[in-house]
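These notes are about the structure you will find just below.
The values are calculated or read from the model by the stated rules, or taken from the named source; none is laboratory data. Predicted model only: the values in this text are computed from it and were never measured. Glycine also receives a Cβ, built like all others from the backbone with ideal geometry; neighbour counts cover every protein chain displayed.
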Amino acid sequence: MPMHPLYQIKNLKYRYGQYFELDVPELTIEQGASIGFAGSNGSGKSTLLRLLAFIDVPEEGDIRFDGAVVTKNNGGSKRDVTMLLQEPYLLKRSVFENVAFGLKVRGDRKDLKGRVYGAMELVGMSPGAFARRRWHELSGGEAQRIALASRLVLRPKVLILDEPTASVDQQSARLIKEAIIECRSRFGISLIIASHDRVWLNSATDTVKRIHEGRIVGTGVENILLGPWNDEGNGLYAKRLADGQGIFVTRPPHITAAGVVSPSDIVISVLEPDGISTRNILHGIVTHMTMERDSGDILIEVDTGGLSLLSRLTPSAVQSLHLVPGKEVWALFKASAVDWY
Amino acid sequence: MDYIAQGFIRSIDLLLAGDPETYSAIFTTLRISSLSIIASLIIGIPLGFLLGYFEFPGKRQVRAVVDTLLALPTVVVGLFVYAFISRRGPCGELGLLFTIPGIAVAQTILITPIVISLTATAIESLDRRLQATLVALGARGRQILLTSLMEARYAVLVAAVTAYGRAISEVGVSMMIGGNIKWHTRTITTAIALETGKGDFAVGMALGIVLLTLALVVNSSLTLLKKRS
């Protein structure tokens, strides 16, 4: 299928919070793409998603959707895009009515029951057990999946998910991933997902872009190191983690700059390294492991005193180090391996 | 103390025997309060929705006026409505003084601010995610407004029940506009005031029991609705 741009963003600006501004000079998202946005809380991910979902309107710049500039009154194309909020809101009615709502407001009642039930099954919710339940009779994960079903039933061109796994259990996170991947392959839905769960995000999307303080600061699976940085002398700058460990970098452009380290530059050791020149030796625990879809390499997520670092290893390296989640390791990278945005 | 106990026993007798005078006051109260609550909901819900949903210049001032009107003294409403509908007043030709519709008009004025204010609060208290959810699901214009009102339905019902409670229990308006005319405009509250004045505690108590029962039903439904909302 020939690719064509679904979204074309130029000089987009939008203020959020008291101090921050989302600033996206240029961004193109292709039809059928599955793109992830990673970043910390308050980085601007949700703001960008709300703009892409046409819930908010940009203050400056424009968003073209399917070739047409989106304006406040351009209602037709807006219905091709639907968004699942971070904390789902279910209408005060039955589960069935929640899932059917979007179809009803479109006046599309053909085989309503069949389609609603189909969407519920897609997210692993048995219609027999759940369709008649009231909105408040669901757990957090079930509510999130019903909210997802109410979007999937619309067969949108674009499905936008904001932190879909933030408040759900592991099983729901897996079911959500399976449902969106299946919908993408069956119906060609484009996916735009924001999440700070990098491993989940990486396994659910083709590409990941990072957002920091309202700016897209990198593409791919990268580690973002946020300032502020303290001058330690000899050209070294440092930041202390919650557990007292330090991250050392060289020459940040300013003290609050965000540094980026490629996962390929992070080496994992299962023994405490001694007598080596690498400046950053961070003690941590393996929290997640996932296979990268394109390369076949394994991404290891290590929690080091509150900072999670991703390291890219070959399957054979993982095997020889006997890495499993929960294992104590040391993550190493050179102070000079940090790039700046 | 004996006369209170005797009055209570006689009041039960009156209720059980279906005393026509007692029941006339009860039905008059129900007729008037039904008329006034219907009118106040028709006027108050749309206005309350507009006040709660939209932002406009002067909104806070309008809100302050409506909230002040919540504490409107019944005798003041009675006074103004009396002035308007008495023979010399601008609406004197309508012949509403000392009639059931006349009391209903005054009660509507009394309780509409309650409906407006509580509906506005209900709409303002809607979850902030609702609007984004409705837009994301493809709802437009009127669909968003109606669904928002539906989402606030239990809280709007609380407004209605609160207003109804005020209507059945007020005495000032019924007395001044209705004139407490036996078989015609005598309501539960005006009858209690009159019978107590006359020293006939039995009728007063019988009506008091009915009023308390109505208040109990109203309050129970309020509690139930608040739980659901």
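Among the candidates A:A204, A:A258, which residue alone is touching a His at 6+ places or on another chain (Cβ under 8 Å) and of a type in the set (G, A, S)? Show your work before the answer.
Details: A:A204 fails: touching a His at 6+ places or on another chain (Cβ under 8 Å).
After applying the criteria, what remains is A:A258.
Test each condition in (1) of a type in the set (A, V, I, L, M, F, W, C); (2) exposed (fewer than 15 other Cβ atoms within 10 Å of the Cβ); (3) modelled with pLDDT of 90 or more for A:V249 and report the one that comes out false.
So the condition that A:V249 fails would be (2).
Restricting the search to the stretch B:70-100, which residues are in a helix (DSSP H, G or I), of a type in the set (G, A, S) and free of Cβ contacts under 8 Å to residues at least 40 places away in the same chain?
Initial filter on the stretch B:70-100 (in a helix (DSSP H, G or I)): B:74-85, B:92-94, B:100.
In the following step, the residues that additionally are of a type in the set (G, A, S) were identified as B:78, B:83, B:92.
Those that are in a helix (DSSP H, G or I), of a type in the set (G, A, S) and free of Cβ contacts under 8 Å to residues at least 40 places away in the same chain: B:A83, B:G92.
For the list (1) closer than 30 Å to A:V260 by Cβ; (2) of a type outside the set (S, T, N, Q); (3) surrounded by fewer than 22 Cβ atoms within 10 Å (Cβ to Cβ); (4) within 13 Å of chain B (Cβ to nearest Cβ), I need the number of the one condition that A:P58 fails.
That leaves (4) as the condition not met.
Conditions (1) away from chain A (no Cβ under 12 Å); (2) assigned to a helix (DSSP H, G or I); (3) of a type outside the set (G, A, S); (4) on the phi > 0 side of the Ramachandran plot, marked per residue:
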residue: B:G102; (1), (2), (3), (4): yes, yes, no, no
residue: B:I114; (1), (2), (3), (4): yes, yes, yes, no
residue: B:L126; (1), (2), (3), (4): no, no, yes, no
residue: B:M150; (1), (2), (3), (4): no, yes, yes, no
residue: B:S174; (1), (2), (3), (4): yes, yes, no, no
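Please enumerate the residues belonging to the stretch B:38-54 that are under 11 Å from B:L145 (Cα atoms) and either in a helix (DSSP H, G or I) or among the β-branched types (V, I, T) (or both).
So in the stretch B:38-54, the residues under 11 Å from B:L145 (Cα atoms) come out as B:46, B:49-50, B:53-54.
Hits for the stretch B:38-54 are B:P46, B:F49, B:L50, B:Y53.
With the requirement that a residue be at pLDDT 90 or above and of a type in the set (S, T, N, Q), what does the stretch A:1-33 give you?
Answer for the stretch A:1-33, where residues must be at pLDDT 90 or above and of a type in the set (S, T, N, Q): A:Q8, A:N11, A:T28.
Quick check on this structure: which one of A:L241, A:L271, A:L236 is touching a residue at least 24 places away in the same chain (Cβ under 8 Å), over 21 Å from A:P325 (Cα atoms) and either surrounded by fewer than 16 Cβ atoms within 10 Å (Cβ to Cβ) or out of contact with any strand residue (DSSP E or B) (no Cβ under 8 Å at 6 or more places or on another chain) (or both)? Explain how you work it out, then say what you get.
On the way: A:L271 fails: over 21 Å from A:P325 (Cα atoms); A:L236 fails: either surrounded by fewer than 16 Cβ atoms within 10 Å (Cβ to Cβ) or out of contact with any strand residue (DSSP E or B) (no Cβ under 8 Å at 6 or more places or on another chain) (or both).
Step by step, each of A:L241, A:L271, A:L236 is checked, and only A:L241 is touching a residue at least 24 places away in the same chain (Cβ under 8 Å), over 21 Å from A:P325 (Cα atoms) and either surrounded by fewer than 16 Cβ atoms within 10 Å (Cβ to Cβ) or out of contact with any strand residue (DSSP E or B) (no Cβ under 8 Å at 6 or more places or on another chain) (or both).
Might you let me know whether the stretch A:127-143 holds any residue that is within 20 Å of the chain's Cα centre (by Cα), crowded, with 16+ Cβ neighbours inside 10 Å and closer than 23 Å to B:I144 by Cα?
Yes; the residues of the stretch A:127-143 include at least one that is within 20 Å of the chain's Cα centre (by Cα), crowded, with 16+ Cβ neighbours inside 10 Å and closer than 23 Å to B:I144 by Cα.
Here are B:V156, B:V218: which of them is modelled with pLDDT under 90 and either assigned to a helix (DSSP H, G or I) or surrounded by 16 or more Cβ atoms within 10 Å (Cβ to Cβ) (or both)?
B:V218
If the requirement is being away from chain B (no Cβ under 14 Å), buried (at least 21 other Cβ atoms within 10 Å of the Cβ) and among the charged types (D, E, K, R), which of these qualifies: A:K45, A:K13? First the steps, then the outcome.
Values: A:K13 fails: buried (at least 21 other Cβ atoms within 10 Å of the Cβ).
None of the other options fit; the residue is A:K45.
One line per residue, one yes/no per condition, for (1) of a type in the set (S, T, N, Q); (2) at pLDDT 90 or above:
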site: A:T256; (1), (2): yes, no
site: A:I266; (1), (2): no, yes
site: A:S269; (1), (2): yes, yes
site: A:I276; (1), (2): no, no
site: A:I285; (1), (2): no, yes
site: A:R293; (1), (2): no, no
site: A:R312; (1), (2): no, yes
site: A:L321; (1), (2): no, yes
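Only one of these conditions is not met by B:I85: (1) β-branched (V, I, T); (2) touching a Leu at 6+ places or on another chain (Cβ under 6 Å); (3) within 14 Å of chain A (Cβ to nearest Cβ). Which number is it?
Against the list (1) β-branched (V, I, T); (2) touching a Leu at 6+ places or on another chain (Cβ under 6 Å); (3) within 14 Å of chain A (Cβ to nearest Cβ), B:I85 comes up short only on (3).
Only one of A:K92, A:K104, A:K110, A:K78 is within 14 Å of chain B (Cβ to nearest Cβ) and without any contact (Cβ under 8 Å) to a residue 24 or more places away in the chain; which? Show your work before the answer.
Values: A:K92 fails: without any contact (Cβ under 8 Å) to a residue 24 or more places away in the chain; A:K110 fails: within 14 Å of chain B (Cβ to nearest Cβ); A:K78 fails: without any contact (Cβ under 8 Å) to a residue 24 or more places away in the chain.
Only one candidate qualifies: A:K104.
One line per residue, one yes/no per condition, for (1) among the acidic types (D, E); (2) modelled with pLDDT of 90 or more:
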| position | (1), (2) |
| --- | --- |
| A:G128 | no, yes |
| A:R133 | no, yes |
| A:G140 | no, no |
| A:S150 | no, yes |
| A:E163 | yes, yes |
| A:V168 | no, no |
| A:S172 | no, no |
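Could you tell me which residue of the stretch A:298-337 is nearest to the chain's Cα centre (by Cα), considering only residues that are of a type outside the set (A, V, I, L, M) and crowded, with 20+ Cβ neighbours inside 10 Å? Quick ask: steps written out before the conclusion?
Start the filter on the stretch A:298-337 by keeping residues that are of a type outside the set (A, V, I, L, M), which leaves A:301, A:303-306, A:308, A:311-312, A:314-316, A:319-320, A:322, A:325-328, A:330, A:333-334, A:336.
Imposing the further condition that a residue be crowded, with 20+ Cβ neighbours inside 10 Å reduces the set to A:301, A:304, A:311, A:333.
Working: A:E301: 15, A:T304: 21, A:S311: 18, A:F333: 25 Å.
Among those that are of a type outside the set (A, V, I, L, M) and crowded, with 20+ Cβ neighbours inside 10 Å, it is A:E301.
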